[in-house]
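Here's the structure we're looking at; comments come further down.
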Amino acid sequence: MAFTLLSDLRAGRCSNTAEVRLLRLWEARNINKGGELMSLDMLLIDENYTVVHGTVSALLQLRFRQRMTEGSVYTLSGFDVTRSSPKYRLSDAPVAIRFNDGTEFEKLATTSRTIPTEHFRFRPYDQILELANTGRQLPDIMGELSAIRSTITDRIPGAQRVMLNLRLVSDTTVCVSIFDSLALAFHSKLDVYGREPRIVVVTAVNPKLVSGKLYLNGTSATRIFFDSETAIAEWWYRPVRVFIQGGSRTKDRTHDGFRA
């Protein structure tokens with residue numbers, strides 16, 4: 001069976017079939033209407049590493065929700081292709097996918113195609129700074145955890161908030177802020193993990209400049225991964241042996257310094 005590639009999609013109704021992996025799934029809610037569900041959103045990826053943002057309206061979400069599992073592979077057909085929104089983008093693709101009444105989304109037990117199991121849109125610090133307060137992109141970030149501050153554990157009054165200080169490859173430290181249910185989910189994850197992680201990956205952050213300081217705020221699309229939960233962080237965490245005259249030292253991939 002021939003499958004269409006996500007990079008070949010054009011605006012309009014698509015009757016062809018794509019084979020994709022469901023990378024991430026989340027609910028989009030309207031905070032101005034008491035958290036009313038607006039849509040079920042997702043990131044889909046195919047064998048060519050093309051990532052597309054997909055959306056199921058609140059009216060249709062019950063039809064599809066039960067069969068949706070992050071990491072699983074699906075065939076997708078009978079969907080609408082629209083232009084990507086220029087705001088809060090989670091993908092570099094020029095188009096997005098919307099499920100409709102005629103959409104078929106079927107889980108596959110196996111596949112002969114090699115479809116990536118993860119994909120991140122990391123940006124260097126200077127590009128993240130340029131994105132601050134623009135609302136154009138929601139990039140991903142990875143860094144070495146240097147500090148955690150929490151209104152939950154520190155018993156600070158007000159909204160529930162967790163702030164993570166992450167040191168980037170450039171040796172710049174940034175502050176990631178996550179709120180409410182995401183903050184609670186982080187603490188639950190940390191409790192299960194049993195220790196502070198060393199490398200943290202945070203997806204879909206919204207860069208904000210406040211009084212000259214950069215904050216990376218969590219969104220409904222944000223996911224947080226610890227250490228070896230992702231292949232990229234596991235590779236980054238693993239030290240490499242660097243051979244020098246008279247012996248060798250272990251170099252940490254995260255920073256430029258050597259360690260014994």
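For region 32-69, how many residues meet the condition of being over 15 Å from Asp101 (Cα atoms) and among the small types (Gly, Ala, Ser)?
Number satisfying all stated conditions: 2.
Is it the case that Arg136 is under 29 Å from Val73 (Cβ atoms) and either at pLDDT 95 or above or of a type in the set (Asp, Glu) (or both)?
no
Looking at Leu62, Leu90, Leu129, Leu43, can you tell me which residue is touching a Leu at 6+ places or on another chain (Cβ under 7 Å) and open to solvent by 40 Å² or more (accessible area, probe 1.4 Å)?
Leu129
Could you grab me the full set of residues in region 17-35 that are closer than 16 Å to Val52 by Cβ and among the charged types (D, E, K, R)?
Residues satisfying the conditions are Glu19, Arg21, Arg24.
Would you be able to tell me the number of residues in region 208-260 that are modelled with pLDDT under 50 and of a type in the set (A, V, I, L, M, F, W, C)?
Of the residues in region 208-260, 6 are modelled with pLDDT under 50 and of a type in the set (A, V, I, L, M, F, W, C).
List pairs: first residue in region 172-192 and closer than 16 Å to Glu144 by Cα, second residue open to solvent by 10 Å² or more (accessible area, probe 1.4 Å) and assigned to a helix (DSSP H, G or I) anywhere in the structure, Cβ distance under 9 angstrom, at least six positions apart or on different chains.
Every condition considered, the pairs that remain are Thr172/Tyr125; Val174/Tyr125.
Please go through region 161-199 and pick out each residue that is in contact with a helix residue (DSSP H, G or I) (Cβ under 8 Å, 6 or more places away or on another chain) and open to solvent by 30 Å² or more (accessible area, probe 1.4 Å).
Matches in region 161-199: Arg161, Ser170, Thr172, Glu196, Arg198.
Residue by residue through region 93-122, note down the ones that are open to solvent by 60 Å² or more (accessible area, probe 1.4 Å) and within 18 Å of Leu23 (Cβ to Cβ).
If the condition is that a residue be open to solvent by 60 Å² or more (accessible area, probe 1.4 Å) and within 18 Å of Leu23 (Cβ to Cβ), then Arg98, Glu106, Lys107, Arg113, Thr114, Thr117, Phe122 are the ones that fit.
Anything in region 193-233 that is closer than 19 Å to Arg149 by Cα and free of Cβ contacts under 8 Å to residues at least 24 places away in the same chain? List them, or say none.
Gly194, Arg195, Val210
The values are calculated or read from the model by the stated rules, or taken from the named source; none is laboratory data. Because the structure is a prediction, the values reported are computed rather than measured. Using ideal geometry, Cβ is built from the backbone for each residue, glycine included, and neighbour counts are taken over all protein chains shown. Heavy atoms of the whole protein, side chains included, go into the accessibility calculation; ligands, DNA and RNA do not. Shrake-Rupley method; radii C 1.70, N 1.55, O 1.52, S 1.80 Å.
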